[in-house]
């Protein structure tokens, strides 16, 4: 069974992660993992915290000579900002004036009631999106497993605020990475940047939408047998687990509700003897299983809840109305959220792939994949004989 865990507070000493269930013998490129962490820290609209941190992964267990051992992988990322707030956040001696004014849209209020905290900092430190740095690191490890199976992922920003980029025709990674907002369209990028600057000047924040695509997925990953095994449910759940995501769409998504059936599905046709599809409205998933086409997912991200022009709130200790607490924050996290969303998709794909192909070692997993593809290629050929 594949699983992962993360731990750590936003301003604690470090973030910690464990990956359990990866096959032995996977060669890991550490520089590529650090590059994903760097991309998460970028994007126009990020706040001052990104100027302090310089995220790097450190392997603590499960790796030797650059290869996975098959035992749990344990990794950490140091929080450099911890030294600036050690008196407040030290695990043994940390103390300070409590935060008492919950921010609308954040975990502050519900978390305080759930765990019995009178200081909202005990909630927001773990609820902070700083935790997603570890998700990105673990997802970057999983990306190298997926690539060994011929599967790749990409992400890009489709909308920030009121600016919606044109539909993308083909993934151009260089163009996406060269944009300060990770948008494939140059004109839209400029308008998004201007919108973010205007929001910052007014003390406001912006949300948007990002897309994640998966290429090279074999047919039949996931299952229609039980609800929890449906691939679309697994991927949507992974993206919805992010702090800012409020909606996830697969393929046509919400647009499909307004179409007749004749314009909602992907027809089959023969082309030079091969079965092909006339479109990809399903987004690569039918009946809870991958169908061999590109998987397309779009996530809608809310504006982050910490505004420099604080929203109305209450002081829970004083029992009076008061502005929400203000902590250092970003103006727009959609470009960074796209990186995190891509990491979540990578993490979510590993378990159903291992359920299908298994293997304690990479050699065994790849052999199982090869045999499965050979059987699939012969399936209907046998029927025709």
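Here, each number is a calculation from the coordinates, and none is a lab measurement. It should be emphasised that the depicted structure is a prediction, and the values quoted were computed from it without experimental measurement. Backbone-built Cβ (ideal geometry, glycine too); neighbour counts: all protein chains shown.
Taking the Cα centroid of segment 78-121 and of segment 226-294, what is the distance between the two, rounded to the nearest whole Å?
40 Å
Which order do 117, 11 fall in if you start with the one that has the fewest other Cβ atoms within 10 Å? Show your work: numbers first, answer last.
Numbers: 117 16, 11 22.
Ordered by Cβ neighbours within 10 Å, fewest first: 117, 11.
Springs between alpha-carbon pairs under 10 angstrom, Gaussian network model over the chain: which of 28, 316, 354 fluctuates most?
Checking each option, the largest mean-square fluctuation is seen for 316.
Taking the beta-carbon count within 10 Å as an exposure proxy, list 193, 141 from fewest neighbours to most. Before the final figure, lay out each step's value.
Working: 193 19, 141 29.
Ascending Cβ contact count within 10 Å gives the list 193, 141.
Below 8 Å between Cα atoms, with a sequence gap of 6+, how large is the relative contact order for the chain in percent? Numbers along the way, then the final one.
Values: 751 pairs, mean separation 85.4, N = 385.
That works out to 22 percent.
Given an 8 Å cut-off on Cα distances and at least 6 residues of separation, report the relative contact order of segment 284-365 as a percent. Mind showing how you got there, number by number?
Values: 52 pairs, mean separation 14.2, N = 82.
Reported as a whole number, the value is 17 percent.
Could you give the nm distance between label points at residue 257 and residue 197, where each point is 7 Å from its Cα heading toward the beta carbon?
Placing both labels 7 Å along Cα→Cβ, they lie 3.7 nm apart.
Any chance you could list P(r) for segment 267-385, counting all Cα-Cα pairs in 10 angstrom bins from zero, rounded to whole %?
10, 22, 24, 17, 12, 9, 5, 1, 0
Taking the Cα centre of each part, how many Å lie between segment 296-319 and segment 332-381?
Taking the Cα centre of each part, segment 296-319 and segment 332-381 sit 36 Å apart.
For residue 274 and residue 186, what does the FRET efficiency come to when R0 = 30 Å and r is the distance between their Cβ atoms, rounded to the nearest 0.05?
The value I calculate is 0.25.
What is the packing order of peptides 225-231, 66-72, 102-108, taking the mean over residues of other C-beta atoms within 10 Å and listing the highest first?
102-108, 66-72, 225-231
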